Amino acid sequence: MMKELEEIRRIRRIIGAGIWEKSGSGLLLFRPGALPVTPSRMQIAYLIPVFAALMATGTALGTEAAACVFESADTPVPVQPIDQLVAANLTPLGIQPVLCSDAVFVRRVHLDVIGTLPTAKEARDFIQDPDRANKRRILIDRLLARDEFADFWAMRWGDVLRIKAEFPVNLWPNAAQAYHRWVRAAIASNKPYDRFARELLTSSGSNFRIGPVNFYRAIQNRKPDGIAAAVALTFLGTRTDTWPAERLNGMAAFFSQIGYKPTNEWKEEHVFWDPLGTSTTANNTAPGRAAIAPPPPAPAPNTTPSTTPATTPNIPPITPAAAPDRPRCAIFPDGSKIELPPDRDPRDVFAAWLITPDNPWFARNISNRLWAWLLGRGIIHEPDDIRPDNPPSNPALLTYLERELVTNRYDLQHLYRIILNSRTYQHSPVLRVPTPAAVANFASYPLRRMDAEVLIDALNKITGATDLYTSAIPEPFTYIPADQPAIALPDGSITSPFLALFGRSARATGMVSERDNKPIPAQWLYLLNSSHIQRKMEQSANLKTIMDPSRKAPAIIEDLYLAIMSRFPTPEEVATIGAYGQVQPAKPAAAANPAKPASVVKRREDWLDVAWALLNSSEFLYLH
């Protein structure tokens, strides 16, 4: 690690004296600062890959040391059905999984369940808890009951449901806030998933007051086929772009009688069942006709205004015989046909089919999606690309999860518990057999970078700083309290430069691929050289308390590791960091004794270098 620290100091000295700028073509260019010697172009070209390598290696100590830090000595015994079904696929591959350590688990489960880094105290207490048989289960139950659980999973569902006030969804802030409040309340109360889906599909009313009606507004294409595609992606986990036209049009018939009606309040809109097609918002792409009467013609110039009271133009009512031609027959995604009853909302007909326990599409989609959210990869991969030619890697496992969900009346927290308590979820992050089959069958916990919102919240929690989140829409809901974490932001339009750079979902289509957690050089340079991160560290009251000069170096190192890495440092790491700093010249009397080593003096800058190196390590940036 000493080599990495010295290289980091050299890079900071060179880059810190200059400015990285983005050119018109999008390339990152370096403008040198006031260095005594300006770095050559070869040096600058060398810095990006060197820094990338440092971030890739982080503070790794080697295979044996990594095993001690990241893995448990306990042998995983497949007791639960999940573990037995996973082991049935791993055994023929000759793979024996290894469990993660307590330090890895406490960090992993905090980030996966509540999107929040554990505090140094939470990490210390859990690692030192002697109740090895029960402490992981107890921690899982405690996290599922925390407020951050609803915040974090409302963020996850916000991506799927496209909760965004601005382009291209254009919900408007009032509606986005109402939508998010409803989603968060449903998660906090553990609303059964079948009720959650039914309310999204069948609700009617004001977009400002009835949150779930915004499902039909958070769609770019509000024509029946566009709505059908959004419903299939959200609740069936399938993409309709490869469907035959007859199949898509048959499903679209269920959504052909949705009306959109404006009110006198700015941007308010009612979504309702409109079997006669009598009302729709002007200039909308939804079917129907405008119910807003055109204004009376203006009086001709130089004429005396009439004293006759104005009359509202008479719009003849639409009778069923004169109603727009609506489909009388619809086709469910499984191919079965139904004649739409004239006295029942077709949306209700579709919802009743969708949530029936005999329907495999519904439970399969959410079971696979939730598994992918917790383990980084779906049993069917990608989780929103379920189709006959994309089979599950473990069909029996997926069937088991579906059955558990239906048997427990669509209780999603039950599904969380059985997955999180499984040995499969608690596997080591060290991939011992780097083959596609091992990855697809969950031989290890998949490494992946933290989501943008989770990462900035972690940085703020460590440093005690806050971020400014704003929306381009001037009113309303532009003020975000300074202490509100990014995972709790209710609207995808409320953002910051950090969230945009680190791949936050655009919430335009609801697809998993919209959230991009692949690291890019611009992100590395931002963490390396941005004044934003530098200010957080240099002005941090939390780090100042940890780095108090009156404290002993081993205590400072331990607290830094617990706060940033959620684990205790190894003896090798303590020794390496303890030797890093300015060597104090030996006094003449001490110089005569060669057995006494020269002392190392730590300046605050040295401690900040250590903290900066930990924050830029892959161990910190990645879920493991």
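Overview of values
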| quantity | calculated |
| --- | --- |
| Subset of the stretch 356-377 (residues that are of a type in the set (Val, Ile, Thr) and crowded, with 20+ Cβ neighbours inside 10 Å) | ILE366 |
| The stretch 106-156, residues that are in contact with a Lys or Arg (Cβ under 9 Å, 6 or more places away or on another chain) and not aliphatic (A, V, I, L, M) | ARG107, GLY115, THR116, PRO118, THR119, PHE126, ASP129, ARG137, ASP141, ASP151, TRP153 |
| Scan of the stretch 343-383 for residues that are touching a residue at least 40 places away in the same chain (Cβ under 8 Å) and in a loop (DSSP other than H, G, I, E, B), ordered by number | ASP345, ILE355, PRO357, GLY376, ARG377, ILE380, HIS381, GLU382, PRO383 |
| Condition check for ASP559: part of a loop (DSSP other than H, G, I, E, B) and either in contact with a strand residue (DSSP E or B) (Cβ under 7 Å, 6 or more places away or on another chain) or acidic (Asp, Glu) (or both) | no |
| Tally of residues being over 16 Å from PRO346 (Cβ atoms) and open to solvent by less than 40 Å² (accessible area, probe 1.4 Å) across the stretch 198-212 | 6 |
| Odd one out for ASP451, checked against (1) surrounded by fewer than 23 Cβ atoms within 10 Å (Cβ to Cβ); (2) under 30 Å from ILE546 (Cα atoms) | (1) |
| Test result for ALA73, in contact (Cβ under 8 Å) with a residue 24 or more places away in the chain and outside the structural domain of LEU562 (by TED's automatic domain parsing) | no |
| Residue check for ILE520: within 13 Å of the chain's Cα centre (by Cα) and among the β-branched types (Val, Ile, Thr) | no |
| Residue within the stretch 93-102 that is assigned to a helix (DSSP H, G or I) and either open to solvent by 50 Å² or more (accessible area, probe 1.4 Å) or modelled with pLDDT under 95 (or both) present | yes |
| The one condition in (1) open to solvent by 20 Å² or more (accessible area, probe 1.4 Å); (2) closer than 24 Å to ARG239 by Cα that MET155 fails to fulfil | (1) |
| Which numbered condition ILE187 fails, given (1) open to solvent by 20 Å² or more (accessible area, probe 1.4 Å); (2) assigned by TED's automatic domain parsing to the domain that holds LEU405; (3) β-branched (Val, Ile, Thr) | (2) |
| Residue count for the stretch 331-347, restricted to those that are of a type in the set (Asp, Glu) and more than 12 Å from TRP273 (Cβ to Cβ) | 2 |
| Residues of the stretch 545-559 satisfying the condition of being surrounded by fewer than 19 Cβ atoms within 10 Å (Cβ to Cβ) and among the aliphatic types (A, V, I, L, M) | ALA553, ALA555 |
| Any chance GLU265 is closer than 27 Å to PRO360 by Cα, modelled with pLDDT of 55 or more, surrounded by fewer than 16 Cβ atoms within 10 Å (Cβ to Cβ) and over 33 Å from the mean Cα position of the chain (by Cα) | no |
| Unique residue being closer than 29 Å to ARG403 by Cα and either among the basic types (Lys, Arg) or assigned to a loop (DSSP other than H, G, I, E, B) (or both) when the list is ARG137, ARG181, ARG132 | ARG137 |
| Residues located in the stretch 378-392, provided they are buried (at least 19 other Cβ atoms within 10 Å of the Cβ) and either of a type in the set (Ser, Thr, Tyr) or under 17 Å from PHE442 (Cα atoms) (or both) | GLY378, ILE379, ILE380, PRO383 |
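Let's see how each residue does on (1) in contact with a His (Cβ under 9 Å, 6 or more places away or on another chain); (2) free of Cβ contacts under 8 Å to residues at least 24 places away in the same chain:
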site: THR202; (1), (2): no, no
site: ASN207; (1), (2): yes, no
site: PRO212; (1), (2): no, no
site: ARG217; (1), (2): no, no
site: LEU233; (1), (2): no, no
site: GLY237; (1), (2): no, no
site: ASP241; (1), (2): no, yes
site: GLU246; (1), (2): no, no
site: ASN249; (1), (2): no, no
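The values are calculated or read from the model by the stated rules, or taken from the named source; none is laboratory data. Given the structure is predicted, the values throughout are model-derived calculations rather than measurements. Reconstructed Cβ throughout: ideal geometry from the backbone, glycine too, with neighbour counts over all protein chains shown. Ligands, DNA and RNA are stripped out before the accessible areas are found, and what is left, the full protein with its side chains, is counted by its heavy atoms. Shrake-Rupley method; radii C 1.70, N 1.55, O 1.52, S 1.80 Å.
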